[in-house]
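The values are calculated or read from the model by the stated rules, or taken from the named source; none is laboratory data. Bear in mind the structure is a predicted one, so any value in this text is a computation, not a measurement. Here Cβ is always computed from backbone atoms with ideal geometry, including for glycine, and neighbour counts include all displayed protein chains. Please note that ligands, DNA and RNA were not included when accessible areas were found on the heavy atoms of the full protein model with its side chains. Shrake-Rupley method; radii C 1.70, N 1.55, O 1.52, S 1.80 Å.
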Amino acid sequence: MRADGTIVMTGPAFRNFLVWISGLILGCSMSVIRQVVIRVDASVEMGMGHLARCMSLANELSRGGARIVFVMREHAARLGGLVEANGHTPLFLRDPERHLNHSNATDRAHSHWLPTTWQGDAEQSSEVIGGIGHVDWLIVDHYALDAEWESVQRRYGVRILAIDDLADRPHDCDILLDQNLVLNMEARYRNRVSATCKQMLGPRYALLRPEFAEARKSTPDRSGDIHRILVCFGGSDPSNETAKALAAIKGVDIDSLAIDVVVGSGNPHADLISRLSSELPCAELHRGADNMAALMSRADLAIGAGGIMSWERCCLGLPTIAVDIAANQIGTLTALARAGAVVYLGSASSVTPRQIASAIQLALNDSENIKAMGEAARLLVDGEGCGRVRAAMEI
């Protein structure tokens with residue numbers, strides 16, 4: 001110490017001080033918690049796919065140290081327990097007493113997914129975001145919301161990740177994520193996002209839970225022979241395509257086939273499906289299954305729809321007989337069929353049990369084609385999409 005009280009450090013003492021101060025700075029930087037808000041909804045009509053993929057991404061971001069808040073409409077309040085069970089916070093936007101009739105009010109294709117106007121939803125969401133404090137990222141996955149809604153949220157300086165499948169509206173976002181396989185994918189969002197927006201396009205960005213990447217490592221190569229069929233049409237299946245598939249299987253004269261039937265916990269047709277399953281000697285019903293990766297790994301053929309499950313099945317190389325249950329699934333299932341990864345029969349409204357039964361019989365008689373289908377599917381998705389998105393968000 002000098003006479004004036006100044007502390008002078010040299011040699012080892014100075015080096016130790018530098019190590020200490022560097023550690024302090026590093027510790028402070030590591031302690032910064034990223035806050036992420038996710039605006040998403042779910043219902044029988046919307047299905048559970050939007051919430052499911054957002055949950056997969058939320059869990060990945062949480063592993064990077066982020067704190068996640070889900071913002072949903074009040075009608076999805078029953079799903080708050082699921083959000084909390086994954087370690088996140090659910091907040092709900094109050095629904096109006098009377099659902100707004102959008103039929104003559106707007107030309108937005110999915111405006112009826114909101115019980116209010118987009119302006120009303122934007123203001124409610126903005127109030128929630130403002131009340132949270134500093135938010136690093138806003139993730140929005142909702143067909144009824146677009147650039148106008150997103151621009152309202154910019155008042156807080158938040159960065160925005162928009163998840164879309166439709167390419168039917170503009171976005172004001174920093175990252176645009178579309179995990180689908182569609183022809184001319186690179187041109188889909190031309191003039192719909194800014195030149196500075198980072199576009200993450202295609203199934204290599206599919207937002208899957210980590211168990212699918214893990215199951216992929218241990219799932220053996222498929223021979224193409226079919227002994228077990230998985231039937232699953234997602235979390236809601238409002239038109240009861242599961243029953244149609246079971247009727248088709250019943251019409252195939254092979255009693256030795258094992259059948260796994262999966263229905264979501266909110267499936268309105270669960271009791272009927274339970275009865276139909278009991279009429280098949282080797283069928284097992286799974287309600288609200290939380291082991292889809294394991295069920296897909298042990299299956300030799302799947303019967304289902306498009307959506308997030310398309311990418312789960314591809315990740316595990318599971319050959320599939322598919323029908324679309326929504327218009328937004330047509331493009332992807334068409335592209336998957338063109339890639340040789342599925343047998344696409346068409347829209348659920350026109351596909352009959354007899355057509356499904358015929359497709360099953362063809363699959364049973366052509367193991368080489370089924371094997372090739374599984375290999376083609378497996379090439380499309382590796383299950384690492386969430387990690388790639390997290391890296392782009394720098395969390």
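Would a scan of the stretch 119-139 turn up a residue that is touching a His at 6+ places or on another chain (Cβ under 7 Å), open to solvent by 70 Å² or more (accessible area, probe 1.4 Å) and over 24 Å from residue 194 (Cα atoms)? No, there is no match, as no residue in the stretch 119-139 is touching a His at 6+ places or on another chain (Cβ under 7 Å), open to solvent by 70 Å² or more (accessible area, probe 1.4 Å) and over 24 Å from residue 194 (Cα atoms). Note on the stretch 305-325: among residues that are assigned to a loop (DSSP other than H, G, I, E, B) and touching a residue at least 40 places away in the same chain (Cβ under 8 Å), the one that is most open to solvent (accessible area, probe 1.4 Å) is 325.
Residues satisfying the criterion are absent from the stretch 234-248 (criterion: in a strand (DSSP E or B) and touching a Gly at 6+ places or on another chain (Cβ under 8 Å)). Taken as a whole, the structure places residue 71 among residues that are farther than 18 Å from residue 266 by Cβ, modelled with pLDDT of 95 or more and buried (at least 17 other Cβ atoms within 10 Å of the Cβ).
Mind listing whichever residues of the stretch 328-347 are part of a loop (DSSP other than H, G, I, E, B) and within 11 Å of residue 306 (Cα to Cα)? Explain how you work it out, then say what you get.
Keep residues of the stretch 328-347 that are part of a loop (DSSP other than H, G, I, E, B), which gives 339-342.
Answer for the stretch 328-347, where residues must be part of a loop (DSSP other than H, G, I, E, B) and within 11 Å of residue 306 (Cα to Cα): just 342.
Here residue 87 meets the list (1) at pLDDT below 95; (2) assigned to a loop (DSSP other than H, G, I, E, B); (3) touching a helix residue (DSSP H, G or I) at 6+ places or on another chain (Cβ under 8 Å); (4) of a type in the set (Gly, Ala, Ser) almost entirely, failing just condition (1).
Residue under question is residue 224, and the condition is that it be assigned to a loop (DSSP other than H, G, I, E, B), closer than 20 Å to residue 345 by Cβ, open to solvent by less than 10 Å² (accessible area, probe 1.4 Å) and in contact (Cβ under 8 Å) with a residue 24 or more places away in the chain; does it hold?
Working: assigned to a loop (DSSP other than H, G, I, E, B): yes; closer than 20 Å to residue 345 by Cβ: yes; open to solvent by less than 10 Å² (accessible area, probe 1.4 Å): yes; in contact (Cβ under 8 Å) with a residue 24 or more places away in the chain: yes.
Here the answer is yes, as residue 224 does meet what is asked.
Looking at the stretch 158-197, which of the residues that are more than 14 Å from residue 139 (Cα to Cα) and in contact (Cβ under 8 Å) with a residue 60 or more places away in the chain is surrounded by the fewest Cβ atoms within 10 Å (Cβ to Cβ)? Among those that are more than 14 Å from residue 139 (Cα to Cα) and in contact (Cβ under 8 Å) with a residue 60 or more places away in the chain, it is 183.
Suppose we filter 281, 268 for residues that are open to solvent by 10 Å² or more (accessible area, probe 1.4 Å), over 30 Å from residue 183 (Cα atoms) and within 22 Å of the chain's Cα centre (by Cα); which single one remains? Reasoning before the result, please.
On the way: 281 fails: within 22 Å of the chain's Cα centre (by Cα).
Of 281, 268, the one residue that is open to solvent by 10 Å² or more (accessible area, probe 1.4 Å), over 30 Å from residue 183 (Cα atoms) and within 22 Å of the chain's Cα centre (by Cα) is 268.
Close Cβ contacts (under 6 Å, 6 or more residues apart or on different chains) running from residues in the stretch 290-304 that are at pLDDT 95 or above to residues that are in a helix (DSSP H, G or I) and surrounded by fewer than 24 Cβ atoms within 10 Å (Cβ to Cβ) comprise 293/211; 293/215; 297/215; 301/363. Residue 358 meets the conditions (1) under 18 Å from residue 203 (Cα atoms); (2) open to solvent by 10 Å² or more (accessible area, probe 1.4 Å); (3) not β-branched (Val, Ile, Thr) in every case but one. The failed one is (1). Check the stretch 373-393 and report whether any residue there is modelled with pLDDT of 95 or more, in contact with a Gly (Cβ under 8 Å, 6 or more places away or on another chain) and farther than 24 Å from residue 221 by Cα. Among the residues of the stretch 373-393, at least one is modelled with pLDDT of 95 or more, in contact with a Gly (Cβ under 8 Å, 6 or more places away or on another chain) and farther than 24 Å from residue 221 by Cα, which makes the answer yes. Quick one: which residue in 62, 56, 43 is open to solvent by less than 10 Å² (accessible area, probe 1.4 Å), of a type in the set (Ser, Thr, Tyr) and within 30 Å of residue 293 (Cα to Cα)? Residue meeting the stated conditions: 56.
Among the residues here, residue 243 does not qualify as hydrophobic (A, V, I, L, M, F, W, C), over 26 Å from the mean Cα position of the chain (by Cα) and surrounded by fewer than 24 Cβ atoms within 10 Å (Cβ to Cβ).
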